[in-house]
Amino acid sequence: MKTYNLKEIKGDASFRKFFRKKKNNFSSIIIFAEKEKEKNLLQYDAINKILIKNRILAPKLFNEKYSEGFIEVEDFGNNTIYKILKNKNINRLKYFKKIIKLLNQIQLIKDVNIKNFKNKNYKVPTYNKKILFDEANLFCNWYIKSKLLKKNEIKFRKQFEKIIKKLISNLRLKNNTFVHRDFHVSNLMLKKNKIGVIDSQDALIGNKAYDLASLIDDVRLKTSNLFKVKIFKYYIKTQVKMDIKKFQNDFQILSVLRNLKIIGIFTRLSIRDKKNNYLKLIPYTWVLLNKRIKENKIFDDLKILLNKHLAEQIK
């Protein structure tokens, strides 16, 4: 590999490292994973293969050296949709309509079995209640642990876990939809006027409302409440025979669960991995949580609990 020009590029919240490899006029991306190698390399490529098979733009595998902890994949460039939308002169609605079209394509995926590059079968797992609970509980494990005294933390945790289990039991839609699980504009790339998907290794079969919640209530890209409603309504218009009340209920619950998880993850990244730059995203995550908590009485117990222990965050 020393014969190539390798340049490290900005990574993400995972354990992976990314390098752009250039040789003559050809460039590719080298993904290194010292930890969670199976998920970050083998599983990532398997999910990409499923997406490509369904005519969705995702990075193709060029080469794998799994034993050495890296794969080489297609280079989509640096043009994330997030970067494009940060330009104030851009028509955001136009791009979001294209993204909804892409989301609808992803949600049509039915065949979730594929052979990975080790020629072994991989089946996309189900987004079960335990996974949802464990994710939301990251809020306790990292954020609450860093904020409350031990005595109060134990009290908080006991009530919090009970509330989260109740919220999960109130989800109404089936786990029958392909969920990217990190579907937001930083993971969408513009390549030759087509939107491609990256960072798909965590995909599961779950609730249809999940990816829309992560797109609309994106902690990285601030949008107005009016815009959020507009995108939600546009998505609904693209659906056939949808129970809107059930969908909206699940959208709100999943947005809250996801953003509790995000606060936990960003706190963990700071404490455990010394990646403090994610802390600046936590205040807006609280804004999104406050918005959704106010929309449905189902969150009243959560609101009371948060108000009791974290009054400065509940507006």
Among (1) within 30 Å of LYS245 (Cβ to Cβ); (2) among the charged types (D, E, K, R); (3) crowded, with 17+ Cβ neighbours inside 10 Å, where does LYS94 come up short? (3)
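For (1) of a type in the set (A, V, I, L, M); (2) at pLDDT 85 or above, each residue gets a yes or a no:
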{"position": "LYS7", "(1), (2)": "no, yes"}
{"position": "GLY11", "(1), (2)": "no, no"}
{"position": "LYS17", "(1), (2)": "no, yes"}
{"position": "ARG20", "(1), (2)": "no, yes"}
{"position": "ASN25", "(1), (2)": "no, no"}
{"position": "ILE31", "(1), (2)": "yes, yes"}
{"position": "GLU36", "(1), (2)": "no, yes"}
{"position": "LYS39", "(1), (2)": "no, yes"}
{"position": "ALA46", "(1), (2)": "yes, yes"}
Consider LEU289 carefully, then state whether it is surrounded by 13 or more Cβ atoms within 10 Å (Cβ to Cβ), on the phi < 0 side of the Ramachandran plot, not in a helix (DSSP H, G or I) and not basic (Lys, Arg). no
The residue that is nearest to THR126 (Cα to Cα), considering only those in region 208-230 that are out of contact with any strand residue (DSSP E or B) (no Cβ under 8 Å at 6 or more places or on another chain), among the basic types (Lys, Arg) and not in a helix (DSSP H, G or I), is ARG220
Do we find that ILE244 is of a type outside the set (S, T, N, Q), over 17 Å from VAL179 (Cα atoms), over 16 Å from the mean Cα position of the chain (by Cα) and exposed (fewer than 14 other Cβ atoms within 10 Å of the Cβ) in this structure? yes
Return yes when ILE263 is within 25 Å of ILE131 (Cβ to Cβ) and surrounded by fewer than 17 Cβ atoms within 10 Å (Cβ to Cβ) and no when it is not. no
Within region 156-173, which residues are in contact with an Asp or Glu (Cβ under 7 Å, 6 or more places away or on another chain) and farther than 21 Å from TYR143 by Cα? LEU171, ARG172, LEU173
What number of residues within region 107-163 are assigned to a loop (DSSP other than H, G, I, E, B) and either of a type in the set (Ser, Thr, Tyr) or within 23 Å of the chain's Cα centre (by Cα) (or both)? 11
I'd like the residue in region 265-280 that is part of a helix (DSSP H, G or I) and of a type in the set (D, E, K, R) and, out of all such residues, is nearest to ASN141 (Cα to Cα). ARG268
Working carefully through the options ASN63, ASN104, ASN48, find the one that is in a helix (DSSP H, G or I) and surrounded by fewer than 15 Cβ atoms within 10 Å (Cβ to Cβ). ASN104
In region 193-232, what residues are of a type outside the set (S, T, N, Q), exposed (fewer than 13 other Cβ atoms within 10 Å of the Cβ) and closer than 14 Å to ILE99 by Cα? LYS194
Matching residues in region 298-309 (surrounded by fewer than 17 Cβ atoms within 10 Å (Cβ to Cβ) and touching a Phe, Trp or Tyr at 6+ places or on another chain (Cβ under 9 Å)) number 1
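The values are calculated or read from the model by the stated rules, or taken from the named source; none is laboratory data. Since this is a predicted model, take the numbers as computed values, not measurements. As a convention, Cβ positions derive from the backbone with ideal geometry for all residues, glycine included, and neighbour counts pool all protein chains shown.
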